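**Student:** So that we are looking at the same thing, I have put the structure below in structure tokens.
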Amino acid sequence: LNSPEVFVRRDKTGAVNLEAIVEKTEPVQEPEAIKEEQPFILTIDKVELKNGICNFSDESVSDPVNLVADKLEINAGNISTAAGSQGTADFSCRLNKKGTVSAKAAFGIDPLICDAQINIEGLEPGWVQPYFTDKIRIIVTGGRASVKGAVALKQNDEKEIQISYKGNAAITNFASVDKENKDDFVRWKALNINNLDAGFNPVYVDIKEIALKELFSSVIVNSDGKLNLSNVVKQDEVEQVPEKVEEKKSAGKISIGRVSLNNCNIRFIDRSINPHYSTELSGINGSVSGLTSMETETAKVELSGSLDNTSPLIITGRINPLKDDLFVDLHTSFKDIDLSPASPYSGKYVGHTIRMGKLTLDLKYLIDRKKLDSQNDVFIDQFNFGSSVDSPDATSLPVKFAVSLLKDRHGKINLNMPVAGRTDDPEFSVWKVIVKILVNLVTKAATAPFSLLASLYPGADQLANVEFEYGRTDLSAQSEQKLRVLLQIMADKPSLNLEIKGYGDMEKDREGLIQYLFEKKIKAQKLMFLLKNGQPAVPVEEITVEPVEYDVFLKEAYIAEKFKKPVNAQGQPLPLPAPEMKKLIVEHIRVTESDLKIMAEQRAQQVKNYLVKSQQVKPERIFLIEAELISREKPEEVRKARVDLNLK
């Protein structure tokens, strides 16, 4: 054949024009008696075709496909239908004036067998884009594919076709955009698959290396909140799965010696918030070595990159994503991420922009037999909120206070967030768990700030209040020990303020104060005795009345009292036993609510004085709240004679 030209057309209904030239007939069942004993043999010594053209058009898809193969050359010989015979064929053509296809093959018809060397260069994926554009919603704007290797095809004894390929494949200068929004979707300089050995029946894949160079991909959250990746593949209606499913056949052995990444970049854009957020993970380099579907083997992961060219990323560990039961053991380190660019998120969900701050992540994830264990260590340095943002989505939780509470004296925050669960649980989500931990953290900061600090400051969970003896305002040794922990917290967190509120028990404090005033009267008599005998003056609270002295000074205190005392018939004071004198003194001691409230205020002042006296906390950081008296009708888990401490 010399310069033949063929037009193959497929119309909108799917009918091919070549079918129209062949008359359709019903197959006729021949009687068994007329069957030939010897098969019909066809032998062709030589087939030669030069300068052929084949035009193909397909209008059955959304956008017509048009392919033209010209410079078509075919040289074949020794073609025969005889059993065991083999022929040869050479084929070459130019496709759409850009690509070339050539092949040299040795083949047989009975049994079916073919060994071919193929070489394909310069094919563009965009030529056949309409075949997949309805399922994969991207527009291919560039790319050239090439394949070079050996294809083997044969028919086994069970008449099953076995196919294998050994060689290389590549797609270079590939580019695509999102069909819906026309955004850059994915592009790369080169994707090379080197030393590929793959087969069907049985299925196996053995690749020495997959090398990806200068990948660029965009991950975009559109204004409707949907991820562009979720819109790329069209979701068909889920087919109903039959109740009885045949046992799944093994997918065969898969082995990939090395997957390498060279200077790859991933850009993230979020258009669902205002202003929009954008960041880029660039300079991704590294490899995954030893990928295999074998259950006992894992691949080594070594990847690195940087966020916005400033924050280094390192991922190391081992994985096996190809076996039936996913295995992951990865360590990810992300350092010095600037947080101010994330202001659109903090403004929307927190109500404040981020003035400054850096984030460092140290993540360890282990997935084995569908069980996940992870460790999320978060370090935030010099974090500060900026201006307020009026956002209806902003949380009402005291996030700013929680940040202040978690900072140390150097402005650093360390968080440890372990996450565990099962990957086969549809309700489980690592992100949801982490968000829940953070919300609980902020909630705890608001409701029980000292408990939140207990891991860093042992004993901090006991700092919510300081208890006092009934009727007393002096600090005990135990209370001072608690306040030393508070001093450390206040010194380490200079942005925190402290509120102090004193309380009094209207019944027990009244009794305690009466007892205290009674004892003070006795001590005062001893102090007067000491002064008369030339002893130096000391505070009355420091006086100690010994048991042998008690009755003496009790009598002096009784005599000094101004209330009306029992007398005899001559009007002289009656001598009374000690219990009677005490009873009369106590009965005439008056304690008002005002006295009790002053005592509650003095308790708060005592705590403040202790803190200020240490010179570790400035007075302007401490606020006294109006004292309060509590009656027995208000049950409390803690002693009513106390001071409450509240961080702000």
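**Student:** More than 25 Å apart: what percent of Cα pairs in the range 503-648 qualify?
**Tutor:** Result: 49 percent of Cα pairs exceed 25 Å.
**Student:** Students often check this: by mean Cβ neighbours within 10 Å, which of 12-18, 224-230 ranks highest, and how do the rest follow?
**Tutor:** Ranking, from highest mean packing down: 224-230, 12-18.
**Student:** Structure shown: which of Lys508/Lys640; Lys71/Lys98; Lys520/Lys613; Lys189/Lys300; Lys358/Lys400 lie over 20 Å apart, alpha-carbon to alpha-carbon?
**Tutor:** From Lys508/Lys640; Lys71/Lys98; Lys520/Lys613; Lys189/Lys300; Lys358/Lys400, over 20 Å: Lys520/Lys613; Lys189/Lys300.
**Student:** What ratio of Cα Rg to 2.2 N^0.38 Å holds for the range 1-140?
**Tutor:** After normalising by residue count via 2.2 N^0.38 Å, the value is 1.36.
**Student:** Quote the charge dipole size of the chain about the Cα centre in Debye, to the nearest 20; the model charges only the Cβ of Lys and Arg (+1) and of Asp and Glu (-1).
**Tutor:** 3360 debye
**Student:** Once the convex hull of the alpha carbons of the chain is built, what does its volume come to per residue, in cubic angstrom?
**Tutor:** Hull volume normalised by residue count: 266 Å³.
**Student:** Rounded to the nearest 20 debye, what is the charge dipole size of the range 530-644 about its Cα centre when +1 sits on each Lys and Arg Cβ and -1 on each Asp and Glu Cβ?
**Tutor:** Dipole magnitude for the range 530-644 comes out near 160 debye.
**Student:** Could you work out the mean projected area of the convex hull around the alpha carbons of the range 173-220, in square nanometres to one decimal?
**Tutor:** 4.8 nm²
**Student:** 7 Å from Cα along Cα→Cβ at both Phe56 and Ser260: what's the point-to-point distance in nm?
**Tutor:** A separation of 3.5 nm, rounded to one decimal place.
**Student:** Leaving out ligands and nucleic acids, note down the accessible area per residue over the chain with a 1.4 angstrom probe, in whole Å².
**Tutor:** For the chain, the solvent-accessible area averages 60 Å² per residue.
**Student:** So which trypsin sites (Lys or Arg not before Pro) in the range 100-168 end up in coil per DSSP with only 13 or fewer other C-beta atoms within 10 Å?
**Tutor:** When the trypsin sites (Lys or Arg not before Pro) of the range 100-168 are filtered for loop state and at most 13 Cβ neighbours within 10 Å, Lys135, Lys159 remain.
**Student:** Students often get this wrong: which residues of the range 251-289 have the backbone nitrogen under 18 Å from the point 7 angstrom along Cα-to-C-beta of Gln162?
**Tutor:** Within reach of a label on Gln162, which here means backbone N under 18 Å from a point 7 Å along Cα→Cβ, the range 251-289 contributes 251-254.
**Student:** Please go through the range 513-598 and write out the chymotrypsin sites (Phe, Trp or Tyr not before Pro) that DSSP classes as loop and that have at most 10 other C-beta atoms within 10 Å.
**Tutor:** Sparse-neighbourhood loop chymotrypsin sites (Phe, Trp or Tyr not before Pro): Phe563.
**Student:** What are the extents of the Cα atoms of the range 375-459 along their three principal axes, listed from largest to smallest and rounded to whole Å?
**Tutor:** For the range 375-459, the Cα extents along the three principal axes come out at 42, 39, 24 Å.
**Student:** Nearest-5 percent of antiparallel DSSP beta bridges in the range 1-123?
**Tutor:** 85 percent
**Student:** Can you give me the % of accessible surface on the range 498-597 that is carbon or sulfur? Probe 1.4 Å, all protein chains present, nothing else counted.
**Tutor:** 56 percent
**Student:** Multiply the residue gap between Ala106 and Ile139 by 0.36 nm, knock off their C-alpha separation, and tell me the result in nm, one decimal place.
**Tutor:** In short, 8.0 nm is gained.
**Student:** What is the percent carbon and sulfur in the accessible area of the range 259-377, measuring with a 1.4 Å probe over the protein chains and ignoring ligands?
**Tutor:** 56 percent
**Student:** Taking a ≥ b ≥ c as the square roots of the eigenvalues of the Cα gyration tensor of the range 505-576, is the shape rounded (a/c under 1.5), prolate (a/b larger than b/c) or oblate?
**Tutor:** Here the range 505-576 falls in the oblate category.
**Student:** Can you find, among Gln605, Val6, Gly225, the residue farthest towards the positive end of the dipole of the chain? Put +1 on the C-beta of Lys and Arg, -1 on that of Asp and Glu.
**Tutor:** Positive-most Cα among the choices belongs to Gln605.
**Student:** I've got another one for you. Efficiency by 1/(1 + (r/R0)^6): what FRET value for Arg422 and Ile113, r their Cβ-Cβ distance, R0 = 51 Å, to the nearest 0.05?
**Tutor:** That pair, Arg422 with Ile113, gives E of 0.55.
**Student:** Residues in the range 372-391 near a label at Asn440, defined as backbone nitrogen under 20 Å from the 7 Å Cα→Cβ point?
**Tutor:** Label zone hits: 372-379.
**Student:** Something else now. Counting just the Cα atoms, what span does the range 425-561 cover along each of its three principal axes? Round to the nearest Å and put the largest first.
**Tutor:** Projected onto the principal axes, the Cα atoms of the range 425-561 cover 84, 32, 25 Å.
**Student:** Further question: Do any trypsin sites (Lys or Arg not before Pro) in the range 529-612 lie in a loop, going by DSSP, with at most 13 other beta-carbon atoms within 10 Å of their beta carbon, and if so which?
**Tutor:** Qualifying residues, ordered by number: Lys562, Lys564, Arg590.
**Student:** Sticking with this one: With all protein chains present, how much of the accessible area of the range 117-215 (probe radius 1.4 Å) comes from carbon and sulfur, to the nearest whole percent?
**Tutor:** Roughly 56 percent, rounded to a whole number.
**Student:** Percent relative contact order of the range 524-580, based on C-alpha pairs within less than 8 angstrom and at least six residues apart?
**Tutor:** Value for the range 524-580: 27 percent.
**Student:** Now for a different question. Relative contact order for the chain: what is it in percent, counting Cα pairs under 8 Å that are at least 6 residues apart?
**Tutor:** With pairs under 8 Å counted, the relative contact order is 6 percent.
**Student:** What fraction of the DSSP beta bridges in the chain is antiparallel, stated in percent and rounded to the nearest 5?
**Tutor:** Roughly 85 percent of the beta bridges in the chain run antiparallel, per DSSP.
**Student:** What value does the range 260-400 have for Rg/Rh, both radii from Cα atoms and Rh as Kirkwood defines it?
**Tutor:** 1.06
**Student:** Something else about it: Could you state, as a whole-number percent, how many of the C-alpha pairs of the range 574-648 are farther apart than 15 Å?
**Tutor:** Value for the range 574-648 (Cα pairs over 15 Å): 69 percent.
The values are calculated or read from the model by the stated rules, or taken from the named source; none is laboratory data. Being a predicted model, the structure only gives us computed values, none of them experimental. In this analysis, Cβ positions are derived from the backbone assuming ideal geometry, glycine residues included, and neighbour counts consider all displayed protein chains. Each accessible area value is taken on the protein alone, full model and side chains, heavy atoms only, with ligands, DNA and RNA left out. Shrake-Rupley method; radii C 1.70, N 1.55, O 1.52, S 1.80 Å.
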